[in-house]
1. Given the options L287, L263, name the one that is assigned by TED's automatic domain parsing to the domain that holds L149, buried (at least 24 other Cβ atoms within 10 Å of the Cβ) and farther than 30 Å from F197 by Cα.
2. Of the residues that make up the range 540-558, is at least one of a type in the set (A, V, I, L, M, F, W, C), touching a Leu at 6+ places or on another chain (Cβ under 7 Å), under 22 Å from A523 (Cα atoms) and surrounded by fewer than 19 Cβ atoms within 10 Å (Cβ to Cβ)?
3. Of all residues in the range 266-283, which are under 25 Å from the mean Cα position of the chain (by Cα), buried (at least 24 other Cβ atoms within 10 Å of the Cβ) and not in a loop (DSSP other than H, G, I, E, B)?
4. Here's a check for you: in the range 528-539, which residue that is out of contact with any Leu (no Cβ under 8 Å at 6 or more places or on another chain) and not in a loop (DSSP other than H, G, I, E, B) is surrounded by the fewest Cβ atoms within 10 Å (Cβ to Cβ)?
5. Could you tell me which of the residues P35, P88, P120, P109 is surrounded by fewer than 22 Cβ atoms within 10 Å (Cβ to Cβ), touching a Leu at 6+ places or on another chain (Cβ under 7 Å) and either of a type outside the set (S, T, Y) or not assigned by TED's automatic domain parsing to the domain that holds Q588 (or both)?
6. In this structure, is E430 modelled with pLDDT of 95 or more and assigned to a strand (DSSP E or B)?
7. Does any residue of the range 50-67 turn out to be hydroxyl-bearing (S, T, Y), crowded, with 20+ Cβ neighbours inside 10 Å and either over 29 Å from the mean Cα position of the chain (by Cα) or in a helix (DSSP H, G or I) (or both)?
Amino acid sequence: MNPVVEQVTARIRERSRQGRADYLAAMAQTREENPPKKRLSCGNLAHGYAACGEQDKQTIRLMNSANLGIVTSYNDMLSAHQPLLDYPEQIKAVAREVGSSAQVAGGVPAMCDGVTQGQPGMELSLFSRDVVAMATAVGLSHNLFDGVLCLGVCDKIVPGMIIGALQFGHLPTVFVPAGPMPSGIPNKEKAAVRQRFAEGKASREELLEAESASYHSPGTCTFYGTANSNQVLMEMLGVQLPGSSFVNPEDPMRAALTRESVLKVIAAADPASGIRPLCETVTEESLVNAVVALLATGGSTNHTLHLVAIAAAAGIDLRWQDFDDLSRAVPLLARVYPNGEADINAFQRAGGMAFLVRELRSAGLLNENVHSLMGEGLDSFELAPQLTDDGRIAWQHNVLESRLPEVLTGVAEPFDQEGGLRVLQGNLGESVIKVSAVKPEHRVVSAPCRIFHAQDDIKTAFDAGELDRDVIAVVRFQGPKANGMPELHKLTPYLGLLQDRGYQVALVTDGRMSGASGKVPAAIHLSPEAVDQGPISRLRDGDLITLDAEQGILNVNLSDQELAQREPATAPRDTQNLGRNLFANFRQAVGGASSGASSLDP
């Protein structure tokens, strides 16, 4: 086993010892004191199955088979979740075939970062993760369920669902995805139109045509952002069936995989099956495996928040330094936009998760002592699903080499010797940076800064020609306490154009970038944030900042004394539009970015 992976796993296990023990004890107590259905009164049960058909009523009341709780994020505005409309009926039909039952336990909100990008609604996005977690818990609180199926795909929804489900970790849980939409126009072509629009060289109609040709049908967006990173992580955590992530919604295999998911969780509901419940599936080892896969594929920076919060919900203390240390030991094996020109469908054609796991495993980069709905160990993670003539799933070891080596490569010939995420530290605090999409010549930037308090102000400065120089854009008061930590992906075309013009350009912010963070170096999630009077609040226009992603440094060229003596800037006036005022308590309760930016106390 790779010594870095072994050491990081061991130290996480050691510092999590008490928290993990407390969590597992709580799950054991729940199982003992509140076993599913068994302690419900007749009135409780009657309410719980009143709307069911006679067959399901009889099945539930006998209490000798599994009743599954479905938590769904279906809506028909969000392309990734629109295919979930018919999943509950599919699940119920499969459950009935084997003498079990299923009910929709509840729905969770599912907002789209693509729709709210650059809009006021984005200030609700990160907190929607915690709302999803609570909504998941509300649905499962009826204690009618022997197993859980989570129907979710996108950015905050999947992390929120698993955080909520971990409060019911005594139950087996499976995530059932819907898959990506078929490929549209190449992502590089779309990005080029965005940059031309930023320059005033493309019309709004041309831009809308390009965007519509990219995001064009039901299914997940095809770039490798947070949504598709979610899928990789759920497979690596053992709560999503191997190879199920990137099958298109209309592929006949999609329904067969959903069927297989139902059968697996029903089997796991029987204690005699030996399949572990969720609390024993999400472990220190499986979380490290998830981080390794994230790094090896150049995944979303948002998971430096989400994985930390997921770990905390399971009593595990995962830290940014763990990401950084693992990143220096894990090679980059995938080139999917924004880390390359291909999309996630190409990743799947190349060999997908089965090939990725096989390569990482061959290099000793994965913990072997893990559990999943498929059983013990990692052998099943290398299996690829195949559709049989009778419409069922057969699991096969048939991905022996990459079919598209320019998209997915082996550990012998990686695209980079290191993974895609690093931690930056210095007198400005601690932040993370995604370097897998940043060319080596752009990874070290030293330039005067320009201060902004809103991303729209960068467009104004850009249009006025005020940024045609070496510059580090500092966008502050974008942290979780200030305004919910919105993504700042809207900045990418403008900063990218400046970089293309030959300037040294970077971004420093206490906010987030999209999972589609691209070619411009961006020190994000900076902590402490400006609203807490972190050093970023004391910066002024013209201060010389050095961002060195190679050495892990983020410094302003000021003495500690001079920086401390400056008056911190005042936060801009609080806005109260598009429902933001309802989240005031979240902003007051939220923790820092390095601790997962969570308002919950699991």
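1. Testing whether each residue is assigned by TED's automatic domain parsing to the domain that holds L149, buried (at least 24 other Cβ atoms within 10 Å of the Cβ) and farther than 30 Å from F197 by Cα leaves just L287.
2. yes
3. L278, C279
4. Top of the filtered list is D532.
5. Numbers: P35 fails: touching a Leu at 6+ places or on another chain (Cβ under 7 Å); P88 fails: touching a Leu at 6+ places or on another chain (Cβ under 7 Å); P109 fails: touching a Leu at 6+ places or on another chain (Cβ under 7 Å).
Only one candidate passes the filter, namely P120.
6. yes
7. Yes; the residues of the range 50-67 include at least one that is hydroxyl-bearing (S, T, Y), crowded, with 20+ Cβ neighbours inside 10 Å and either over 29 Å from the mean Cα position of the chain (by Cα) or in a helix (DSSP H, G or I) (or both).
So that you can scan it fast, the table gives a plain yes or no per residue for (1) of a type in the set (D, E); (2) touching a residue at least 60 places away in the same chain (Cβ under 8 Å); (3) within 26 Å of L144 (Cα to Cα):
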position	(1), (2), (3)
V4	no, yes, no
E14	yes, no, no
T30	no, yes, yes
A50	no, no, yes
E54	yes, no, yes
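The values are calculated or read from the model by the stated rules, or taken from the named source; none is laboratory data. A quick note: this is a predicted structure, and the numbers were derived from the prediction, not measured. Ideal geometry is used to build each Cβ from the backbone, glycine not excepted, and the neighbour counts take in all protein chains shown.
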